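> Pasting in a structure now, in C-alpha cells, and then I'll have a few things to ask.
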Amino acid sequence: MNNTNREKWLDIAKGIGIVLILIDHSQNFLSDYVSWFHLTIFFVVSGYLFKPIDGIKNLIAWIKRRTIVLLVPYFSFLLCITIYRYVVEILKGNYNITWFIKDFIAKIYGGQYLTGDYAPFWFITCLLGTQIFFAVIHTLIKSKKVQIAIIMFFYILSHVESILVHNKAITFYVPLAADVVLITIAYYAFGFYCKKLLASIPIYIQTLSLILSIAFVALQAKNILGFQFELKYVEYSNVILDFVIPISFTIFLLAISQALTKLKFTSSTLSTLGMTSLTIMYLHFPLNLFIEKFITYPSVVFILVGLIIPLAMEKALFQKNLLLRFLFLGKVKGKRLTSIDDKKQVTTII
C-alpha cells in the first residue's frame, strides 16, 4: 500500500470511529455493541503512528509538545462550555457560590466526573496519558520483551482495579481518568507493535476478525456472552475478551478503511470527518443537549447534528483565525501538529 493510500485509510478509520462514537451516544439499539470497540480504534491508530524517540532529552520535549497540543484545545472547549453553563445557571437565579466552586473543581478534576456536556472529555486526557506512558516505557526500556511484559502487567492490574471498583473496595475516581491508561496502553501497544500487519491486513486475518466479530454479537444477542465493557467507568468483563473483542472489531474496521480508499466520495467524506474528529468529539454533546431543550428528535438526527455542525464550525471559524486555530485545533503557525501530515514529528491526536 503506497503512502498516500496509507495516510488516507488512517483518516477514514478515524472517520468511522467518530461516527461510531455518535451512534453510541445517540442511545440506539447499536449502542451496546459499538461501545465495545469505538474508542479502541483511536488508540490503535494512535499507536500505529507512534514514532520511536531517541533519548531522554527528546522524550521530555515530545511530552511537552504532546501536552500542549492536546490540553490547549481541551481547556479551551472546557472553559467555553463552562462559561455558557454558568451564565445559564445565573439567569435561572442560581447564585450559590458553593455550587459553582464544587462544580468547577469537578470539571478540573476531570475523568469520570465529566458528564453531560463534557461527557467525552475524559478520552482526551486518557489518550494523552496513554501516549506518554507508552513513550516513556518504549524510550527508557530497550528490551521489547520487557516492554510487552510491563504493558501486560498493567493490563492485568486494570482488571484488578475493575473488580475492586465494582465491589466497592475503591470508592473514588482517579483524576483525569488516568487509571484507564492501565488498559488502553495495551490497545495503543498493539497498534505500534503490529504496524506491519495493520499496514496491509492479510485476507485471512480480515476473515477471522469478521467471523469473531459476528460470533461475539450473536452470542451477546442470545444472552450467552454477557459482555460488559465501559472504559470510562472501569467496567471490564474478562481479561481475555476485553482485548480480543475490541481488537477483532478494530482489525475488521481498519481493513474496511483500507478498502474504502478506492471509493472516492465515501473515502473523502469519512477522511474529512476523521480529520475533524477532535472538534466533533468535543462539540457533539453540548450542541445536541442544547437543541434538545427545544425539540426532540430521533438518534439519526442526533448523529447528523453532531457531525455536521462541528464540521462547519471548524471549517468556517476555527480554521479562519490564527488564535482560534491554536486554541481549538491545536495548530501552531497555521499548521496542526497533530495531523497525519506531521506524523513524522508527533503522533496524531486520535
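The values are calculated or read from the model by the stated rules, or taken from the named source; none is laboratory data. The shown structure was predicted, so the numbers you read here are calculated from the model rather than taken from an experiment. Neighbour counts are summed over all protein chains in view; Cβ atoms, including those assigned to glycine, are modelled from backbone coordinates with ideal geometry. Ligands, DNA and RNA are stripped out before the accessible areas are found, and what is left, the full protein with its side chains, is counted by its heavy atoms. Shrake-Rupley method; radii C 1.70, N 1.55, O 1.52, S 1.80 Å.
> Which residue pairs have Cβ atoms closer than 7 Å, lie 6 or more positions apart in sequence or on different chains, and pair a first residue in the range 125-150 that is touching a residue at least 24 places away in the same chain (Cβ under 8 Å) with a second residue that is surrounded by 18 or more Cβ atoms within 10 Å (Cβ to Cβ) and among the charged types (D, E, K, R)?
So the pair list comes out as Leu128/Arg66; Gln131/Arg66; Ile132/Arg66.
> State whether one or more residues within the range 84-102 are under 24 Å from the mean Cα position of the chain (by Cα) and without any contact (Cβ under 8 Å) to a residue 60 or more places away in the chain. Full working, then the answer.
In the first step, residues of the range 84-102 are kept if they are under 24 Å from the mean Cα position of the chain (by Cα); the result is none.
Within the range 84-102, not a single residue is under 24 Å from the mean Cα position of the chain (by Cα) and without any contact (Cβ under 8 Å) to a residue 60 or more places away in the chain.
> Can you find, within the range 61-88, the residue that is modelled with the lowest pLDDT among those that are among the polar types (S, T, N, Q) and open to solvent by 10 Å² or more (accessible area, probe 1.4 Å)?
First, pick out the residues of the range 61-88 that are among the polar types (S, T, N, Q): 67, 76, 82.
Filter again for open to solvent by 10 Å² or more (accessible area, probe 1.4 Å), leaving 67, 76.
Numbers: Thr67: 94, Ser76: 98.
If we take residues in the range 61-88 being among the polar types (S, T, N, Q) and open to solvent by 10 Å² or more (accessible area, probe 1.4 Å), then Thr67 is modelled with the lowest pLDDT.
> Another question about this same structure. Within the range 159-183, which residues are over 27 Å from Phe75 (Cβ atoms) and either free of Cβ contacts under 8 Å to residues at least 12 places away in the same chain or of a type in the set (S, T, N, Q) (or both)?
Correct list: Val160, Ser162, Ile163, Leu164, Asn167, Lys168, Ala169, Ile170, Thr171.
> Could you count how many residues in the range 268-319 are more than 16 Å from Asn28 (Cβ to Cβ), hydroxyl-bearing (Ser, Thr, Tyr) and in contact with a helix residue (DSSP H, G or I) (Cβ under 8 Å, 6 or more places away or on another chain)? Spell out the reasoning first.
Taking the range 268-319 and keeping what is more than 16 Å from Asn28 (Cβ to Cβ), we get 268-283, 286-287, 289-291, 293-295, 308-319.
From what is left, the residues that are hydroxyl-bearing (Ser, Thr, Tyr) are 268-269, 271-272, 276-277, 279, 282.
Pick out the ones that are also in contact with a helix residue (DSSP H, G or I) (Cβ under 8 Å, 6 or more places away or on another chain) and you get 269, 271-272, 276-277, 279, 282.
Of the residues in the range 268-319, 7 are more than 16 Å from Asn28 (Cβ to Cβ), hydroxyl-bearing (Ser, Thr, Tyr) and in contact with a helix residue (DSSP H, G or I) (Cβ under 8 Å, 6 or more places away or on another chain).
> Might you let me know whether the range 53-60 holds any residue that is buried (at least 20 other Cβ atoms within 10 Å of the Cβ) and either more than 19 Å from the chain's Cα centre (by Cα) or touching a residue at least 24 places away in the same chain (Cβ under 8 Å) (or both)? Break it down stepwise before answering.
The initial filter retains those residues of the range 53-60 that are buried (at least 20 other Cβ atoms within 10 Å of the Cβ), namely none.
Taking every residue of the range 53-60 in turn, none turns out to be buried (at least 20 other Cβ atoms within 10 Å of the Cβ) and either more than 19 Å from the chain's Cα centre (by Cα) or touching a residue at least 24 places away in the same chain (Cβ under 8 Å) (or both).
> Take the residues in the range 108-118 that are open to solvent by less than 20 Å² (accessible area, probe 1.4 Å) and assigned to a helix (DSSP H, G or I); name whichever of them is farthest from Ser26 (Cα to Cα). Give the steps one after another, and end with the answer.
Step one: list which residues in the range 108-118 are open to solvent by less than 20 Å² (accessible area, probe 1.4 Å), which gives 110-112, 114, 118.
Now restrict to residues that are assigned to a helix (DSSP H, G or I): 111-112, 118.
On the way: Gly111: 21, Gln112: 19, Tyr118: 15 Å.
Ranking the qualifying residues of the range 108-118, first place goes to Gly111.
> I would also like to ask the following. Can you give me the number of residues within the range 192-244 that are farther than 19 Å from Ser35 by Cβ and of a type in the set (Val, Ile, Thr)?
From the range 192-244, those farther than 19 Å from Ser35 by Cβ are 192-208, 210-211; that's our starting set.
Still in the list and also of a type in the set (Val, Ile, Thr): 201, 203, 205, 207, 211.
Summing the residues that are farther than 19 Å from Ser35 by Cβ and of a type in the set (Val, Ile, Thr) in the range 192-244 gives 5.
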